[in-house]
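Chemist: This structure is in C-alpha cells; I'll ask about it shortly.
The values are calculated or read from the model by the stated rules, or taken from the named source; none is laboratory data. The structure displayed is predicted, hence computed values, not measured ones. All Cβ positions, glycine included, derive from the backbone under ideal geometry; neighbour counts span all protein chains shown.
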Amino acid sequence: MAPAFADDENPAKELLLQMADAVHNRNFDASFVVVKGKAMEPYRWLHAKQGDTELEHLSLLNGAGLEMVRINNQVTYFEPQSAPYSIATDSIAGPIPEVLFKNIERLSLHYDFVLGGKGRIAGRAAQLVRIESKDEYKYNYWLWLDAESSLLLKSAYVNHAGEMLEQLQLTHISVTEEPAPLLLEMLNRQFPTSLPAVEVSNKESKTAGNNWQIGWLPDGFSLLKSDRHKLDLNNELTDYYLYSDGFVEVSVFVQRPLPGRRPSGSLSSGATTVYVHNAGSFDVSVVGNIPAMTAKAIAESVARPL
Amino acid sequence: MTKADVNKLDNQHLSALLDGEQPLENQVLASDDAATFGRYALIGDAMRAESDNAFVIDISDSVAKALESEPVYADFSQKQAQPTPLVANGTANVVAFNWRKPISQLAIAASVAMFAIVGVQTLPQGENSSANEIPMLQTTPLTGVASPVSYSSEPALENAEQGLRELQQQRIGALVLEHQRQARVAYSLEKAHTKAQAEEEKN
C-alpha cells in the first residue's frame, strides 16, 4: 500500500506513489526504448508478483546486452565482459531511477513534485508529473503516467531550458493475471549468492577518504563510499568517491595524469556527463547524470588535503 | 450511442471527437463497435478534462483486461511465444534467458561504447563570460573509424597523438562502466546510511 501523508496533499506525489505501488504489484511484460541524443537502447521489462515473491527481469536487447534479474531482495547482473554477480538490494539499477519505485518522499528536501498537463502517450491518456530540482545544479525528471493504471508510459531527464536530454518511452505493455512463465522459470534457477553485505562503514583503512579534498558538491549529496581500486577495463588505479542525493549518483575519480596534452572538457550522452579535468599533477573525472557545469565545478573543487 | 448514430456523424465532427488524431472513414467506423468508439471518446474526455478527478485511477481487473486487449499499443505478443533462445540448450542454468556468454568480442557494453561516439551539445551558458565556457571533448568511436581531428601534420607525431587520444578514450570508457557498476550499490548503501543516521539520532 502507498503510505499516506496526512500533512501533505500533493497530488503529484500521490501519483508517483501509486505508480510505485503498481510497478511492485502488477504482473506485466513491457518494452521500452531509451533515447540518448542520436543513440537508442531498447529494453524488455518483465515483472511478476507470485505470492509474496517479486520477480523482475530487465534486459538490454541491443549490442552485447545486459541482463538484470531480481528475486525479492537479490539482484543479479549478467554482463558480457565479466562473471555474473548478485547484490542484496530490492531494486534493479536500470535506466529508471530506483527511488521512483520506492518512497519518493525522501527527495522532498531537494526536489519539488509538480503536476503537469495531460497528454497522449503510447496511445493512452497520460498525466505528466514533474520532479523539479530546487537548484540549477541538477536536471529535472518528468514522468508521464497512465491515467488509468498509474503505470509509467514515458519519462525524461529535462534540463533547465526545457530540453529533453534522455527519453524513455514504453512501446508496449501487457498486464496479465498470471505471471509470465519466463519469470516463474527464474525460481528454478541458481543465481550467484549476494556479495557480502556492502560494507557501510567508511572507517576501513582501504578508503580513499583522506587522500583528496572534494571541495564542492550541490546541496543534498552525501558520500556513500570511497576506496582505491583498479578499473576493470584498462587496469588503471583510481581513487574513487561515490556520491548520491537519493536521486542521481555522481562518481569522482582521481587518477595519475595521462601523458601528453590533456585538455579539460566534457562529454555527454543523454543525461550522462563525463567531465575530465586536468589538475596538473593529477586528473579528476566526474561521471553522473548531472549538467556539465555541475560536473565541472565538482571536478575543479578537488584538491590535495592541506 | 448506436452505430447508426455514429454513422451519421461527419468526418469533421469525428476527428474533433478524436482530438485530431487520424480521421476515420465512415466504413471503418461502422465496422467499429460502439463500445470501442466509446472508449476512444472516454480517452479524449480524460485528455481534455480540466479537473484531476476526471479519470479514475483504479487498478482493477477490468483495467488489466482492457490493457491487455488495448489495440492502440503495438502488440508484440506473437513474438512473446517465447522461442527458447537459439543458444546453448546444454548449459542447465542459463536456458530461459539470454544470460549466456557474450556472442562475440563485443567486449564493451553498448552504453559505454556509445560514449565514444558522443553527440556534442552546446551547453546553455550563463552570461557571455568565457570563464564559464565548457570545452567539449571530441572523441571517435571505440570501434575504429579514423579520427577526424589531427593535432599535427607530422605523421610520427600524429601517431603519438592518436595513441594518447586512444588512451584517453579507453579511460573514459572505463570510467563510465565503473560509474554504472558502482551506481548499482548506491541505492542500498544510501538506505543503510539513512538507517544508520536515524539510529544515531535516536541514541
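Chemist: Please identify the pairs in which a residue from the range B:178-199 that is at the interface with chain A (Cβ under 7 Å from one of its Cβ atoms) has its Cβ atom under 7 Å from the Cβ atom of a residue that is buried (at least 20 other Cβ atoms within 10 Å of the Cβ) and assigned to a helix (DSSP H, G or I), counting only partners at least 6 apart or on another chain.
Modeler: B:Tyr187/A:Glu98
Chemist: I want to confirm something. Restricting to the range A:12-42 and keeping residues that are of a type in the set (Gly, Ala, Ser) and more than 7 Å from every other protein chain (Cβ to nearest Cβ), which single residue is farthest from A:Pro95 (Cα to Cα)?
Modeler: To start, the set of residues in the range A:12-42 that are of a type in the set (Gly, Ala, Ser) comprises A:12, A:20, A:22, A:30-31, A:37, A:39.
Pick out the ones that are also more than 7 Å from every other protein chain (Cβ to nearest Cβ) and you get A:12, A:20, A:30.
On the way: A:Ala12: 21, A:Ala20: 15, A:Ala30: 14 Å.
Here the answer is A:Ala12.
Chemist: Of the residues that sit in the range A:258-274 and are modelled with pLDDT of 90 or more and more than 8 Å from chain B (Cβ to nearest Cβ), which one is farthest from A:Ala295 (Cα to Cα)?
Modeler: Filtering the range A:258-274 for residues that are modelled with pLDDT of 90 or more and more than 8 Å from chain B (Cβ to nearest Cβ), the one farthest from A:Ala295 (Cα to Cα) comes out as A:Ala271.
Chemist: Looking only at the range A:35-75, count how many residues are over 24 Å from A:Gln190 (Cβ atoms), in a loop (DSSP other than H, G, I, E, B) and touching a strand residue (DSSP E or B) at 6+ places or on another chain (Cβ under 7 Å).
Modeler: Applying the first criterion (over 24 Å from A:Gln190 (Cβ atoms)) to the range A:35-75 yields A:35-43, A:61-63.
From what is left, the residues that are in a loop (DSSP other than H, G, I, E, B) are A:37-38, A:61-63.
Narrowing the set further to residues that are touching a strand residue (DSSP E or B) at 6+ places or on another chain (Cβ under 7 Å) leaves A:37, A:61-62.
Residues flagged as over 24 Å from A:Gln190 (Cβ atoms), in a loop (DSSP other than H, G, I, E, B) and touching a strand residue (DSSP E or B) at 6+ places or on another chain (Cβ under 7 Å) within the range A:35-75 amount to 3.
Chemist: Show me the strands (runs of 3 or more DSSP E) entirely contained within the range A:265-304 in which 1 or more residues are within 17 Å of A:Trp212 (Cα to Cα), in the same structural domain as A:Glu236 (by TED's automatic domain parsing) and of a type in the set (Gly, Ala, Ser). Walk me through it before giving the result.
Modeler: Details: elements: A:265-269, A:272-278, A:283-288.
In the range A:265-304, A:283-288 are the strands (runs of 3 or more DSSP E) which contain 1 or more residues that are within 17 Å of A:Trp212 (Cα to Cα), in the same structural domain as A:Glu236 (by TED's automatic domain parsing) and of a type in the set (Gly, Ala, Ser).
Chemist: A:Ala126 is checked against (1) at the interface with another protein chain (Cβ under 9 Å from one of its Cβ atoms); (2) among the small types (Gly, Ala, Ser); (3) not in a strand (DSSP E or B) and fails just one. What number does that condition carry?
Modeler: (3)
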